[in-house]
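The values are calculated or read from the model by the stated rules, or taken from the named source; none is laboratory data. Not measured: the values here are computed from a predicted model. Cβ sites come from the backbone with ideal geometry, for glycine too, and all protein chains shown count toward neighbours. Keep in mind that these areas ignore ligands, DNA and RNA; they rest on the heavy atoms of the full protein, side chains included. Shrake-Rupley method; radii C 1.70, N 1.55, O 1.52, S 1.80 Å.
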Amino acid sequence: MHRISRRAFIAGSAALSGALMLSGTARAQGIAESAFLEAEVSSGALPPVAQRLPVNPLVITPLERAGQQGGDWNHALVGGGSLSMLVRYQGYEPLLRFNPEWTGLVENVAESYEVSPDSTEYTIRLRKGHKWSDGHPFTTEDIQFWYDAYFTDPETNLGEQAFWIVDGKKGELEVIDETTFKVRFAGPNGFFLQQLAWAQQDQLTRCPKHYLEQFHIRYNPDADALAKEAGLESWIALFQREIGFQDDNTFFQNANRPTLNAWYFTEAPGQNTEQSIAIRNPYYFKVDTEGTQLPYFDRVVYQMVADPEVLLLKTLQGEIDIMDQYIATPANRPTLYDGQETGNYHFYTLKETAANVMAFQLNLNHLDPTKRELFNNLQFRQAMSLAVDRQALIDAVFIGQGTPAQPSIVEGDPLYNEQLAKQFTEYDPARANEMLDAIIPERDGENYRLDAEGRRVTIIFEIDQTRTTFLDMFELAIPMFQQVGLDVQMRTMDRSLWEERVRRGREYDATAHQFGANSGIAAMLDARFYVPTNSNCFYAPGWSLYYTQPDNPAAVEPPEAVKAQQDLYRQLNGTGDAAKQGELMAQILQNAADLFFTFGVSWPPDGYGIVKNDVVNLMDTMPNSFGWPTPGPARPEQFFKA
């Protein structure tokens, strides 16, 4: 990501959005009908395309050239539980989105927006005539429904959306008319628009009232009966399942909920063990510069593959059009490079934005009090970090590409903190042993350390089996931990089970993950390794819930130092002053260095992906991020095959 100030970020956004508005002011006329939809239009099942578009469709300038409608985007999902990947491919349609270069924001579902000088009031205008995939109007009624039936409803709300809260008060929604609404905050909320643009954070564009109201008791007195028919205890569980905000698996497995996305599922993941199919949304709100309704591809066809090895084989055989997740590892690069001719593909470059290649995360909110006390011992985590030979992991797994570091800001960024990045990254098992001897000196007959209850100190890291680089690193790291008397083990599992046990669970010892951000505004928006605020902070699920829902019975009140860190993050999100944001983030990073929540391996090297030679309009170089959900902001709706 380019490192620019928030002021420049917004200024660049405004300049670009003005150009887009100018080019899209006239309603598209004389647009050719999609051959894929022609039969439905001829039969009267669908209105003509000019009647399906909003009055002011969003005009997209294709990256290389305008294309033609038709064909399949051949894709794949790994392991059954990797549905968060769908955000990257067909699920990134917030009100405002990051531009392809990640230097600003552009209008998307929203036609325009205004921000008050003090960042306390936001006015957002929708597109007149915009429709959901089933043809029902998308208006401020849907925005109001989200606010009333979910966000401010204590029975249905599942937490998160902390960026809607300032000074402990939720933003106030005012609907002006069917296309205009305002959001007012108790104080400045400088990152509100950027947070809306972050992947999967804008719920306003994913909440169709006309579909969801049947499952809410205030809108349908028979909602409980519907829940019983579905085998659920109450309307609350049914509504939460149907709205799908609990997790990405729940969200994308619902093929019945209308969408604003370019494609909608006719066979959702899980309905078919072989493949999942999404087809073009006839009411999609974008056109290209020649007036052709997007998307270009008629279908996205996902093969359901068991593991990354199968995906690699299918890629080499030319069955996958675009892919970087799971297979584009340093170890696979020579194999994929050699297979370019037979697979009919070439490489693109990913500029890495993650805070680390992998972060070891002990569960600091463990249900076992003895483990919880041990994991919360700062010196224990530091000792574990010293036990890892990072250079050995970098050399073996990343072919020597990388620099030993903790999850942190990269060197050269104005927010770089040397203590946070480099402390306890040296390989020093002797010092690790010395530190552990002061905490848990007793050992059993096999030389493993014993905890305060006389039990062997066993730490099981639960890992998503599709993360092959994680598995490779753990194979090397486990003997290192054992060398200092810790019985560290790895338990691999399908992604769906990992989501259940780790993201939504509490009964795990530890896990490992990546992402976060290593520079600038992105690090402020995704500070997962520096302050526990959301469900991506696997080291502190209870503290994270406390940040958004302190009264939730499952929330855990953090120590004062952690609460102070959370308060600083609220202040960061609350101010619209760029200099103040920098000061607050610097303090958050210094505190994170002192708190040492997690420990990592290396700053990630730049990555790569593969794209078939006949695919047009994919960027040659892109950021690699989940917040900028690669390749979502590069506009998959304008990809096509020549």
Rounded to the nearest 10, the angle in degrees between the Cα long axis of helix 6-23 and the longest principal axis of the Cα atoms of the chain comes to 20
Would you work out which of Ala517, Gly454, Ser84 lies farthest towards the positive end of the dipole of the chain? Charges go on Cβ: Lys and Arg +1, Asp and Glu -1. Ala517
So, R0 is 22 Å and r is the distance between the beta-carbons of Ala230 and Glu507; what FRET efficiency does that work out to, to 0.05? 0.20
When the dipole is taken about the Cα centre of the chain, and only Lys, Arg (+1) and Asp, Glu (-1) are charged at their Cβ, what size is it in debye, to the nearest 20? 900
Estimated Rh, the range 128-273: Kirkwood, alpha-carbon pairs, angstrom: 16.4
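Using the Kirkwood radius over Cα pairs, work out the Stokes-Einstein diffusion coefficient for the range 216-310 at 4 °C and 1.567 mPa s, in µm²/s as a whole number.
Values: Rh = 15.6 Å.
Translational D for this selection: 83 µm²/s.
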Along its principal axes, what span do the Cα atoms of the chain show, with the longest given first and each in whole Å? 79, 59, 53
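Full extension from Ala392 to Ser42: what is 0.36 nm times the residue separation minus their Cα-Cα distance, to one decimal in nm? Numbers along the way, then the final one.
Values: separation 350, 0.36 × 350 = 126.00 nm, distance 6.44 nm.
Answer, rounded to one decimal: 119.6 nm.
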Among 296-306, 354-364, what's the highest-first ranking by average C-beta atoms within 10 angstrom per residue? 354-364, 296-306
Can you tell me the dipole magnitude for the range 324-385 around its Cα centre, using point charges on the Cβ only (Lys, Arg +1; Asp, Glu -1), in Debye to the nearest 20? 300
Which listed residue (Phe98, Pro137, Leu158) has the Cα farthest towards the positive end of the charge dipole for the range 89-187, taking +1 on Lys and Arg C-beta and -1 on Asp and Glu C-beta about the Cα centre? Phe98
Which Cα, out of Ala634, Thr621, Ala579, lies furthest along the positive dipole direction of the range 579-642 (beta carbon charges, K/R +1, D/E -1)? Ala634
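Could you compute Rg(Cα) / (2.2 N^0.38 Å) for the range 330-399, with N its residue count?
Working: Rg = 19.2 Å, N = 70, 2.2 N^0.38 = 11.1 Å.
Taking N as the residue count of the range 330-399, the ratio is 1.74.
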Checking rank on 109-117, 169-177, 528-536, 458-466, with mean other Cβ inside 10 Å and highest first, the result is 528-536, 458-466, 109-117, 169-177
Roughly speaking, what % of Cα-Cα pairs in the range 344-461 are separated by over 23 Å, rounded to a whole number? 43
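What value does the range 575-642 have for Rg/Rh, both radii from Cα atoms and Rh as Kirkwood defines it? List each step's numbers first, then the result.
Details: Rg = 18.6 Å, Rh = 15.9 Å.
Radius of gyration over Kirkwood radius for the range 575-642 works out to 1.17.
Shape call for the range 486-642 from the C-alpha gyration tensor, a ≥ b ≥ c root eigenvalues: rounded (a/c under 1.5), prolate (a/b greater than b/c) or oblate?
Values: a/c = 2.05, a/b = 1.38, b/c = 1.49.
Cα axes put the range 486-642 in the oblate bin.
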Using a simple spin-label model with points 7 Å from Cα along the Cα→Cβ vector, what separation in nm is obtained for Asp551 and Tyr416? 4.6
How much space per residue, in cubic angstrom, does the convex hull of the C-alpha atoms of the range 541-614 take up? 209
Which entries of Lys209/Lys286; Lys169/Lys228; Lys286/Lys314; Lys182/Lys563; Lys351/Lys563; Lys128/Lys286 have Cα-Cα distances beyond 25 Å here? Lys169/Lys228; Lys286/Lys314; Lys182/Lys563; Lys351/Lys563
Net dipole in debye of the range 415-529 [+1 Lys, Arg Cβ; -1 Asp, Glu Cβ; about Cα centre; nearest 20]: 360
Per DSSP helix of 4 or more residues, -39500 (n - 2.57); summed, then divided by the residues of the chain. What does that give at 222 nm, rounded to the nearest 500? -8000 deg cm²/dmol
Accessible area in square angstrom per residue, the range 42-154, 1.4 angstrom probe: 31
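For the pair Glu446 and Asp148, what calculated FRET efficiency results from E = 1/(1 + (r/R0)^6), where r is the Cβ-Cβ distance and R0 = 60 Å, to the nearest 0.05?
Calculated transfer efficiency: 0.50.
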